[in-house]
Amino acid sequence: MELLNDEFYMQLALKLAGGASGQTGVNPVVGCVVVQSGRIVGMGAHLKRGEGHAEVLALNMAGEEARGATAYVTLEPCSHFGVTPPCCERLIAEGVSRVVVGAVDPNPLVAGRGIQRLRETGIQVDVGVLEAEATALNEVFNKFIITGKPFVTLKTALSLDGRIATRTGHSRWITGAESREAVHTLRHRHNAIMVGVDTVLADDPELTTRLSVPGLHPARIIVDSKLRVPETARVLNDAAPKLVLTTEQADATKIDRLRGLGAEVLLCGSGARVDLAAAMTLIGERSISSILLEGGGVLNGAMLEAGLVDKLMLFYAPIIVGGVGAPSAFAFTGPEEMSSALRLNRVSMQAFGEDWCMTGYPPGK
Ligand code: AOF
Ligand code: ZN
C-alpha cells in the first residue's frame, strides 16, 4: 500500500510531469500537486513552452483552497520573468504555506533563487524529496540549459554478437514488435532524430513516429559530408523540419537544391568529414535540446569517440548473426587493451518481448 506522505504526492507530481516528456521543447517537464487539509485541490503539468507553468495551472485549479496549502513541485519554482511571470511570486500571492521541491532548477536564472525568495517570505520550503527521480526526469533540460548543446541518446537494435545487419547488409528486423514500439516512443520524446547518409541510402527510412496513437514527429538530422543524399529521399520530402550536416567543401549547387526542398544545410567545419562537436553547437542554437541517434555503426562510433553521446539504449535481440565483416553497431578503431574498453555506468535492463534493452551512460556523463 502506498503511504500518504511527501513522497506520495511528489510521485504523483513526477507522474504528471513525465507524461509530458518530449513535448516541452527546450523547457523542462514539471508537475505540481496542491494539497489542502488532506485533499488534493489542484494538479498541473507544464505542457508546452510558452504556456502555463505547472504551479500556475495547479493553483488556478485550487483557487481559494490554495491558502495555507502545501504545493509539491518536481522542479524549484522559477524566480524570473521568462515567457511567463515567476511562479514563486504566484505561490506567495496565493498564500501557500509550504512548498516541497524535488530538484533545484539548474537554469542559471533560477538556481536556488526561487527557493530563497519563498523562504524570505516565511514559506516553509523542503527541498530534495525524490530528488534523484526528479533530476533524472529532466536529464535533457539539465544538460541543455547549462551547455546550450543537445542531449544525445544513442539507440540501436543489435544481435547478441553486436551486429546491426547480416553480411549481405540485410537488417529488417533485428528486434521484435515490442522493441520497435519502444523506439517510436523514444522518437516522440526527442526533438530530433539523427542518422548518417549511408542509412538513408541503404534504407530510405521515413524516421517518423508511428505509434498505436498519434505521436510527435522529430526533426531529421542527416550527417552527409559529401552531400550524397538523394533529393528524392523520403526524409527530405515530408513536413518535418530537416537539417543536413555537411562541410564547407560541399558542392554549392547541391546545397541550393537541398535548401530548395526546405532543408537547412549546416556547414560544420572545413575538413573532409563533418565536425560533429561543432554540429552540436549549431544544432543547440536552433533550439533542439535532444537528439535520438539512430546510427549506423560508423556514425555511432564517431559520436561515441568524440564524447558526444550522453546515453545509450541498446536493444539486444536473442539472435546471433555471425558473418565476417557484417556491420557492427560501433565501427571505430577502439582501444588495444580490454581494460581500456568504454565501460557504461548506471546500467539498467528492461525486457521488451524477447529482447533486452540495456540502458547506460558513457564515462563522465
Ligand atoms: C517552473 N515551473 O512549470 C517550468 C519551469 O520561458 P518560460 O517562462 O517558460 O521559463 C522557462 C524556464 O522556467 C525554464 O528554463 C526553467 O528554468 C523554468 N521552468 N519552472 O517553476 C514550470 N516549466
Ligand atoms: Zn515557473
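The values are calculated or read from the model by the stated rules, or taken from the named source; none is laboratory data. For clarity, every value in this text was computed on a predicted model and none was experimentally measured. Positions of Cβ are backbone-derived with ideal geometry, glycine not excepted, and every protein chain shown enters the neighbour counts.
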Enumeration of residues in region 102-115 that are more than 9 Å from ligand 1 (Cβ to nearest atom) and touching a Ser or Thr at 6+ places or on another chain (Cβ under 8 Å): Gly102, Ala103, Arg113
Filter result (among the hydroxyl-bearing types (Ser, Thr, Tyr) and not in a helix (DSSP H, G or I)) within region 275-292: Ser287, Ser289, Ser290
Val56, sole failed condition from (1) within 8 Å of ligand 2 (Cβ to nearest atom); (2) within 18 Å of Leu109 (Cα to Cα): (2)
All positions within region 293-322 that are assigned to a loop (DSSP other than H, G, I, E, B) and buried (at least 16 other Cβ atoms within 10 Å of the Cβ): Glu294, Gly295, Gly296, Leu308, Val309, Asp310, Ala317, Val321
Residues satisfying the stated conditions in region 1-24, i.e. of a type in the set (Gly, Ala, Ser), surrounded by 16 or more Cβ atoms within 10 Å (Cβ to Cβ) and more than 16 Å from Thr135 (Cβ to Cβ): Ala20, Gly22
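Anything in region 73-84 that is near ligand 2 (Cβ under 8 Å from one of its atoms) and modelled with pLDDT under 95? List them, or say none.
Initially, region 73-84 is screened for residues near ligand 2 (Cβ under 8 Å from one of its atoms), giving 77-78, 82, 84.
Matches in region 73-84: Gly82, Thr84.
Filter the strands (runs of 3 or more DSSP E) completely within region 124-212 down to those with at least 3 residues that are closer than 25 Å to Ala13 by Cβ.
So the answer is 124-127.
Of all residues in region 74-101, how many are in a strand (DSSP E or B) and near ligand 1 (Cβ under 7 Å from one of its atoms)?
Summing the residues that are in a strand (DSSP E or B) and near ligand 1 (Cβ under 7 Å from one of its atoms) in region 74-101 gives 1.
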Test: residue in region 102-112 that is touching a helix residue (DSSP H, G or I) at 6+ places or on another chain (Cβ under 8 Å), within 16 Å of ligand 2 (Cβ to nearest atom) and not in a loop (DSSP other than H, G, I, E, B): yes
